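Accompanying notes for the structure given below.
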Amino acid sequence: MGTFSLSVMLVGAVITLAALATSHTFSVFFPGLLEGAWLTVQIAVCGSLLAVVMGTVSGLAKLYGPRPLRWLAVTYIEIFRGTSALVQLFWLFFALPLFGISLEPFTVAVLGLGLNVGAYGAEVVRGAVQSVSRSQWEATIALNMTRLQALRRIILPQAFIAMIPPWGNLFIELLKSTALVSLITLSDLAFKAQEMNQTTMRTIPIFTLVLLMYLVMSLCITIGMKRLEKTAAKGMPRGRSV
Amino acid sequence: MIWDWDYTFEILPVLAQAAIVTIEATAIGFVIALVLGLFLAILRMSGPKTGWCVSVFIECIRSTPLLIQIFFLYFVFPSFGITLDAFVAGVIALGLHYGCYCAEVYRAGLEGVHRGQWEACTALNLSSLTTFKNIILPQAIPPIVPVLGNYLVALFKETPLLSAIAVMEMMQTAKILGSETFRYTEPITLVGIAFLIMSLVSAALIRIVERRLNLRSAK
Amino acid sequence: MTMAAAEQLAPQQPMVRFENVSKRYGNLVVLDDLNLEVSRGEKVAIIGPSGSGKTTVLRMLMTLERIDGGVIWVDGEPMTHMMQGGQMVPAAQKHLRRVRSKIGMVFQHFNLFPHMTALQNCIEAPITVLKMSRKEAEARATELLGMVGLADKKGHYPAQLSGGQQQRVAIARALAMRPKVMLFDEVTSALDPELVGEVLHVIRQLGAEHDLTMLMVTHQMGFAKEFADRVCFFYQGKIAEQGAPQELFGAPKNDRTKQFLRAVLESG
Ligand SMILES: Nc1ncnc2c1ncn2[C@@H]1O[C@H](COP(=O)(O)OP(=O)(O)OP(=O)(O)O)[C@@H](O)[C@H]1O
Ligand SMILES: [Mg+2]
């Protein structure tokens with residue numbers, strides 16, 4: 001979808017939310033849900049930061065690291081991509097304490113989601129670096145640059161642009177996965193929704209509001225990433241390198 | 001002791017039983033996704049207005065958590081007087097969510113078929129339906145099989161979410177086993193290993209299929 | 001030969017010397033026992049049929065390809081090898097980089113950095129590699145871009161420039177590293193016919209104003225004839241014939257050369 005359509009959707013969703021906030025049926029649920037949404041945002045932001053760090057480090061380690069580091073990166077990537085996010089969260093939450101390590105639920109949430117998405121991010125980073133054409137490396141050799149200089153100044157900046165759209169998708173995935181933390185006792189948006197649903201049984205208004213709130217957050221990410229891509233790719237031809 | 005082997009062997013058959021539920025949910029959910037996805041993709045390309053509405057729908061589903069969608073379906077239907085079994089609600093939610101991803105994949109595949117193919121069929125006086133069914137789809141599907149395969153694996157890895165509405169798949173079984181004995185390490189680790197094995201195997205299978213398809217189209 | 005002796009000999013040494021160089025890809029012998037000397041300031045044109053190894057020669061000299069046998073000398077010292085305890089051993093990265101700094105290359109497909117403007121393309125390596133100050137690098141890059149006739153395109157990104165303009169930026173970028181040897185690999189082949197002239201003009205100007213040694217692979221026979229001091233005809237990984245342009249084009253001795261020149265003349 002184009003940025004315009006997405007913006008229209010965002011405005012529509014925000015207006016609907018605002019209208020519902022003033023309606024009697026819906027407004028009672030608002031404060032509680034907003035509280036939950038705030039925790040969701042916190043987890044999503046911290047998790048995304050961790051994911052970017054893990055993705056970049058392990059992606060580059062898999063490509064250029066010395067052998068032991070490369071194996072470590074591959075193991076991490078395969079394990080976290082191969083098992084599912086909920087299994088990882090539960091493992092950190094229920095099983096890890098038996099090894100003597102008890103983490104706060106918030107830490108578990110950030111760690112679990114960040115590590116999970118980071119493993120997918122590693123493949124994004126690797127793919128983007130490899131998508132920079134070989135001839136760019138050759139140009140850096142002809143200019144007598146070192147490999148590190150070439151990577152830092154020429155290859156990574158171009159890879160960065162190619163990475164923006166897939167990272168945008170991963171951030172959305174991470175945001176959606178935050179709903180899982182409700183299953184390890186954190187009172188995020190999904191948790192609040194279920195709690196209210198159980199006490200009031202007013203399923204339709206509650207879940208409508210919750211879906212709209214998630215939609216607004218996702219659309220903000222999507223639109224933000226599209227703008228970032230546009231700024232970063234200034235002057236660059238789309239989809240091919242010179 | 002950190003790891004109890006006796007306990008491990010005791011719970012293994014129980015988890016294996018639950019794995020069948022997981023696989024059933026995956027299979028049925030994915031069939032729904034495939035059919036719904038094709039339907040959405042066709043609707044989306046059928047006209048600018050319907051197309052826009054369908055894209056908005058797809059965007060909404062893809063932008064919101066599957067877990068919430070599972071809850072929604074599970075709790076909303078009773079308020080219309082229809083009680084859905086947890087398994088049924090969960091599988092429909094899975095199919096709906098991934099159907100929206102598949103729709104995008106189909107679209108890419110269909111748009112990848114050269115326009116000239118439609119024109120050639122018009123010139124041969126084939127009906128639209130025949131053209132689509134016999135000429136366009138067979139060309140559109142092979143290149144997207146690996147992508148669909150990846151979504152199958154992704155859907156499979158999301159089945160533990162069904163534990164939130166108490167479907168007795170692997171995760172829920174593991175949790176119950178854990179709560180009975182206060183030993184979570186073994187059941188959850190076993191579930192993790194089961195997922196890892198099945199994911200790695202399916203990833204390998206996808207690669208094989210991909211290579212086969214590449215070979216065939218190269219000929 | 002010892003290092004000291006090698007350096008003493010330097011002034012009389014050719015700028016570039018291929019000594020029994022060979023190159024294989026698997027079983028395919030691309031270059032077979034190549035011997036070629038290029039003196040200081042000499043302009044050598046390399047011609048020959050497709051697949052005869054012309055590009056490979058330049059890429060080996062730019063260290064983009066490893067060689068399988070022989071030695072390449074640059075400015076009187078071995079580049080692919082170095083002296084260690086009186087023996088020639090394969091060059092270490094550090095040695096390679098030091099010798100390589102004397103060589104610049106312009107590619108068939110420009111290989112500009114797409115995320116940088118023309119000016120940024122030309123100052124990047126001088127700053128990171130030569131440790132020039134930004135100010136100095138910019139002054140020099142501006143001067144070079146002026147020389148190739150692109151003073152007003154400094155702030156443009158490669159995608160905003162025509163092929164001919166991109167190739168001229170690429171020439172300026174290579175010159176900014178102050179090389180002694182410049183390599184050109186079919187630098188006009190990727191250009192529309194009407195843009196070829198502007199690039200050749202810049203190369204001609206370079207030849208006249210700078211004391212550069214040049215090796216160029218080209219399909220522009222007219223240009224080779226008028227510009228080069230010597231023309232080498234490659235055939236199946238060997239130099240089948242070489243000589244002054246008038247001789248080689250006027251009275252080729254080798255049958256292969258005759259055949260090739262006839263084919264080229266017929267087609268263009
Ligand atoms: N990376 C490679 N792997 C395998 N073979 C290669 C590789 N690069 C070049 N070759 C082969 O080496 C031979 C010489 O190639 P080269 O590019 O030097 O030819 P050329 O004279 O520049 O031809 P052209 O005029 O088409 O550019 C060719 O047969 C080519 O197929
Ligand atoms: Mg060539």
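Nothing in this text is a laboratory measurement; each read-out follows from the coordinates by a stated rule. Since the model is a prediction, treat every value here as computed from it, not as a measurement. Neighbour counts run over all protein chains shown; Cβ positions are idealised from the backbone, glycine included.
Would you be so kind as to identify which of B:Tyr74, B:Phe87, B:Leu36 lies farthest towards the positive end of the dipole of region B:22-171, taking Lys and Arg as +1 and Asp and Glu as -1 on Cβ and the Cα centre as origin?
The residue sitting farthest along the positive end of the dipole is B:Leu36.
Tell me, how many Å apart are the Cα centres for region B:2-18 and for region C:174-228?
74 Å
Among the chymotrypsin sites (Phe, Trp or Tyr not before Pro) within region B:1-79, which fall in a DSSP loop and have no more than 13 other Cβ atoms within 10 Å of their own Cβ?
On the way: sites: B:Trp3, B:Trp5, B:Tyr7, B:Phe9, B:Phe30, B:Phe39, B:Trp52, B:Phe57, B:Phe71, B:Phe72, B:Tyr74, B:Phe75; in loops: B:Trp3.
Passing both the DSSP loop test and the Cβ count: B:Trp3.
Can you tally the net charge around C:Val38? Count Lys and Arg as +1, Asp and Glu as -1, for every other residue whose Cβ sits under 13 Å from the Cβ of C:Val38. Before the final figure, lay out the partial values.
Details: positive: C:Arg17, C:Arg40, C:Lys43, C:Lys102, C:Lys180, C:Arg230; negative: C:Glu19, C:Glu37, C:Glu42, C:Asp75, C:Asp229.
So the surrounding residues net to +1.
Would you list which aspartates and glutamates come within 14 Å of B:Lys175, measuring only between C-alpha atoms, while excluding same-chain residues fewer than 8 positions from it?
Within reach: B:Glu186.
Simple spin-label model, 7 Å along Cα-to-Cβ: A:Ile204 to A:Val14 in nm?
2.8 nm
Could you work out how far apart the two model spin labels at B:Leu215 and C:Arg262 are, taking each label as a point 7 Å from the Cα in the direction of the beta carbon, and quote it in nm?
Each label point lies 7 Å from its Cα, and together they span 4.7 nm.
Give C:Lys23/C:Lys102; C:Lys43/C:Lys102; C:Lys43/C:Lys258; C:Lys43/C:Lys131 a once-over and call out the pairs whose C-alpha atoms are over 18 Å from each other. Let's see the in-between values first.
Working: C:Lys23/C:Lys102 22 Å; C:Lys43/C:Lys102 16 Å; C:Lys43/C:Lys258 22 Å; C:Lys43/C:Lys131 30 Å.
The answer is C:Lys23/C:Lys102; C:Lys43/C:Lys258; C:Lys43/C:Lys131.
Report the normalised scattering of region A:3-232 as log10 I(q)/I(0) at q = 0.16 Å⁻¹, calculated by the Debye formula with identical scatterers on the alpha carbons.
Taking Cα atoms of region A:3-232 as identical point scatterers yields -1.12.
Between A:Ala18, A:Ala37, A:Ala232, where does the largest GNM mean-square fluctuation fall for chain A, given springs only between Cα atoms within less than 10 Å?
Taking springs between Cα atoms under 10 Å, the residue moving most is A:Ala18.
Can you compute the FRET efficiency between B:Val35 and B:Ala154 using 1/(1 + (r/R0)^6), with r the Cβ-Cβ distance and R0 = 25 Å? Round to the nearest 0.05. Don't skip to the answer; put the middle values down first.
Values: r = 18 Å, r/R0 = 0.71.
Working from the Cβ atoms, E equals 0.90.
Report the charge-dipole magnitude of chain C in Debye, nearest 20, computed about the Cα centre from +1 at each Lys and Arg Cβ and -1 at each Asp and Glu Cβ. Mind showing how you got there, number by number?
Values: 31 positive and 28 negative charges, 121 e Å.
That gives chain C a dipole magnitude of about 580 debye.
Give me P(r) over the protein assembly as shown, computed from all C-alpha to C-alpha distances, binned every 20 Å, as integer percentages.
Per 20 Å bin, starting at 0, the Cα pair percentages come out as 14, 37, 29, 17, 3, 0.
Would you please put C:197-205, B:125-133 in order of how densely packed they are, using the mean number of other Cβ atoms within 10 angstrom per residue and starting with the highest?
On the way: C:197-205: 17.9, B:125-133: 12.3.
My ranking of the peptides, most packed first, is C:197-205, B:125-133.
Which one, C:Gly26, C:Gly146, C:Gly76, has the greatest fluctuation when you compute a Gaussian network model over chain C with C-alpha springs under 10 angstrom?
Checking each option, the largest mean-square fluctuation is seen for C:Gly26.
Among A:Leu175, A:Leu186, A:Leu143, which one moves the most in a GNM of chain A with springs linking Cα atoms closer than 10 Å?
Highest fluctuation among the options: A:Leu143.
How many Cβ atoms of partner chains, on average, are near each residue of B:182-188 if near means within 10 Å of its Cβ?
Average per residue, whole number: 5.
Kindly identify chain C as rounded, prolate or oblate by the Cα gyration tensor criterion: order the square roots of the eigenvalues as a ≥ b ≥ c, call it rounded if a/c is under 1.5, otherwise compare a/b with b/c, prolate if a/b is larger, else oblate. Can you show the working numbers first?
Numbers: a/c = 1.80, a/b = 1.10, b/c = 1.64.
Note, shape of chain C comes out oblate.
Multiplying the sequence separation of A:Lys234 and A:Leu98 by 0.36 nm and subtracting their Cα-Cα distance, what value in nm do you get? The partial results should precede the final answer.
Numbers: separation 136, 0.36 × 136 = 48.96 nm, distance 5.18 nm.
Extra length from A:Lys234 to A:Leu98 when fully extended: 43.8 nm.
Going toward the positive end of the dipole of region C:151-238, with +1 on Lys and Arg Cβ and -1 on Asp and Glu Cβ, which of C:Ala172, C:Ala224, C:Leu195 do you reach last?
C:Ala172
Just want the answer: with Cβ charges of +1 for Lys and Arg and -1 for Asp and Glu, which residue in A:Leu103, C:Gly163, B:Ile135 is farthest toward the dipole's positive end in the protein assembly as shown?
C:Gly163
Would you calculate the volume per residue, in Å³, of the smallest convex hull containing every Cα atom of region B:22-171? Don't jump to the answer; show the numbers that get you there.
Working: hull volume 18.2 nm³, N = 150.
Cα-based convex hull of region B:22-171, divided per residue, equals 121 Å³.
I need the helices of chain C that pass two filters: whole DSSP H segments spanning 20 Å or more by Cα along the axis, and mean Kyte-Doolittle score no lower than -0.5. Walk me through the intermediate numbers first.
Working: long enough: C:193-209 (25 Å, 0.36).
Length and hydropathy pass: C:193-209.
For every other residue with a beta carbon closer than 12 angstrom to the beta carbon of C:Gly164, add +1 if it is Lys or Arg and -1 if Asp or Glu, then tell me the sum. Please report the intermediate quantities before stating the final value.
Values: positive: C:Lys153, C:Arg168; negative: C:Asp192, C:Glu194, C:Glu198.
Result for the local shell: -1.
Take every residue in peptide A:143-153, count the Cβ atoms of other chains within 10 Å of its Cβ, and give the average of those counts. Don't skip to the answer; put the middle values down first.
Details: counts 18, 17, 6, 4, 1, 1, 4, 2, 0, 1, 8.
Mean partner-chain Cβ count within 10 Å for A:143-153: 6.
Explain nothing, just the number: dipole magnitude of region A:3-232 about its Cα centre with +1 on each Lys and Arg Cβ and -1 on each Asp and Glu Cβ, in debye rounded to the nearest 20.
On the way: 15 positive and 9 negative charges, 161 e Å.
Dipole size: approximately 780 debye.
Out of all DSSP beta bridges with both ends in the protein assembly as shown, state the antiparallel percent to the nearest 5. Don't skip to the end; give the middle numbers.
Working: 23 of 40 bridges.
Expressed as a percentage, antiparallel bridges in the protein assembly as shown total about 60.
Tell me which residues come under 5 Å, amide H to amide H, from C:Gly69 once H is placed; ignore anything under 5 positions away on its chain.
Residues meeting the amide H criterion: C:Ser22.
Would you mind working out the magnitude of the charge dipole of region B:22-171 relative to its Cα centre, with +1 at each Lys and Arg C-beta and -1 at each Asp and Glu C-beta, to the nearest 20 Debye? Can you show the working numbers first?
Working: 7 positive and 8 negative charges, 76 e Å.
Using Cβ point charges on Lys, Arg, Asp and Glu, region B:22-171 gives about 360 debye.
Can you work out the FRET efficiency for the pair C:Arg98 and A:Ser131, with r the C-beta to C-beta distance and R0 = 35 Å, to the nearest 0.05?
On the way: r = 32 Å, r/R0 = 0.92.
Result of the calculation: an efficiency of 0.65.
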